[in-house]
Amino acid sequence: MALYRSLRQSLPLARPIAFIRCASSSHSQQKTTSFGFQTVPEDEKEAMVKSVFNSVASKYDLMNDAMSMGVHRLWKDEFVSSLKPGRRGPMNCIDVAGGTGDIALRILDFARENYADRESCVQVVDINDQMLEEGYRRFKKTMYHNTPQISFHEANAQQLPKEKFADNSYDLYTIAFGIRNCTSMPDVLSEAYRVLKPGATFACLEFNKVDNPLLSTLYDQFSFSVIPLLGTILTGDRVSYQYLVESIRRFPSPPDFAKMIRDAGFVTGKDIDGAAWTNLWGGVACIHTGVKV
């Protein structure tokens, strides 16, 4: 409970926070959810996760480099290239929990470099204003700055404002390393289904449980020993990195998450690697996809 108490003491809970990875509602009987290995009230997790990402926003790449030994960049490249944005013409894309813009930039670059597409656009959505500020700062250095191809929006993934994110309006929905931080993943998937056009694709890149016993043992030792230590050394923040490691272990297995995607209305491939999901690097990360019918 030390992790839980530490975050509770550091959080500004005086004002309500709608977190893109999380949304909650009040009930007569308080609902609980997971925060890493802890069980916490749903309406407190949002602020707790927000505190984590406030802490790491300016060090986002450093965080991911530490957690994946730098391989997250290759995973993100493979994630975007597998979707082939621009192949069938300009696309209207939404990248959720994507505040720093690294997936959005890959989408626009891939479409331009491979299909001479300068019309596809990406709306980057995140609840965390500091993450969005980091993304906006990065895009100021690119050719897409101040063009209709990129925009940044603060909003809740579980309840996207309909006046801004209309039904049946996007060709591609991406979310990378963000959905595991949600209070209710089914609500996120339901909103993804709502805003996508019929025939459009939902795509999620997320860390995964490793099945290979030897690799799993090595991965656990690295995750629980090295990553929190790196968080302390590199950023002075062990607590956030400890949570991020624990949140990976609480994420559903590929078959369970594929079922959640289907329950939201999407069609997926068979429950095997290479169909409903694609394992990366022995299953350390995983690409999950579904198509709206």
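Here residue 108 fulfils each of the conditions (1) free of Cβ contacts under 8 Å to residues at least 24 places away in the same chain; (2) over 20 Å from residue 248 (Cβ atoms); (3) in a helix (DSSP H, G or I); (4) not acidic (Asp, Glu) apart from (1).
Taken over region 82-100, the residue count meeting the criterion of being within 19 Å of residue 132 (Cα to Cα) and either modelled with pLDDT of 95 or more or part of a strand (DSSP E or B) (or both) is 4. Annotation: of all residues in region 111-139 being assigned to a loop (DSSP other than H, G, I, E, B) and in contact with a Phe, Trp or Tyr (Cβ under 8 Å, 6 or more places away or on another chain), the one that is surrounded by the most Cβ atoms within 10 Å (Cβ to Cβ) is 127.
To keep it simple, each residue is scored yes or no on (1) surrounded by fewer than 21 Cβ atoms within 10 Å (Cβ to Cβ); (2) of a type in the set (Gly, Ala, Ser); (3) at pLDDT 95 or above.
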residue: 182; (1), (2), (3): no, no, no
residue: 200; (1), (2), (3): no, yes, yes
residue: 211; (1), (2), (3): yes, no, no
residue: 231; (1), (2), (3): no, yes, no
residue: 244; (1), (2), (3): no, no, no
residue: 253; (1), (2), (3): yes, yes, no
residue: 270; (1), (2), (3): yes, no, yes
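Among the helices (runs of 4 or more DSSP H) confined to region 210-285, the ones with at least 3 residues that are of a type in the set (Ser, Thr, Tyr) are located at 213-221, 238-249.
If you take the residues in region 148-180 that are of a type outside the set (A, V, I, L, M, F, W, C) and under 25 Å from residue 243 (Cα atoms), which one is modelled with the highest pLDDT? Checking each candidate, the answer is 174. If you go through region 140-163 and pick out every residue that is surrounded by 12 or more Cβ atoms within 10 Å (Cβ to Cβ) and over 22 Å from residue 266 (Cβ atoms), you end up with 11. The residues on offer are 161, 198, and the sole one that is over 23 Å from residue 31 (Cβ atoms) and either part of a strand (DSSP E or B) or not assigned by TED's automatic domain parsing to the domain that holds residue 119 (or both) is 198.
With respect to the conditions (1) of a type in the set (Lys, Arg); (2) in contact (Cβ under 8 Å) with a residue 24 or more places away in the chain; (3) within 18 Å of residue 59 (Cα to Cα), residue 141 lacks only one, and its number is (2). Between 183, 147, 142, the distinction of being within 22 Å of residue 78 (Cβ to Cβ), in the same structural domain as residue 96 (by TED's automatic domain parsing), outside any helix (DSSP H, G or I) and among the hydroxyl-bearing types (Ser, Thr, Tyr) belongs to 142 only. The number of residues in region 113-138 that are touching a His at 6+ places or on another chain (Cβ under 8 Å) and either polar (S, T, N, Q) or free of Cβ contacts under 8 Å to residues at least 12 places away in the same chain (or both) comes to 1.
Scanning region 86-102 for residues that are crowded, with 22+ Cβ neighbours inside 10 Å and closer than 17 Å to residue 160 by Cβ gives 93, 94, 95, 96, 97, 98, 99.
The values are calculated or read from the model by the stated rules, or taken from the named source; none is laboratory data. Keep in mind that this is a model prediction, so the values were computed, not measured. Glycine also receives a Cβ, built like all others from the backbone with ideal geometry; neighbour counts cover every protein chain displayed.
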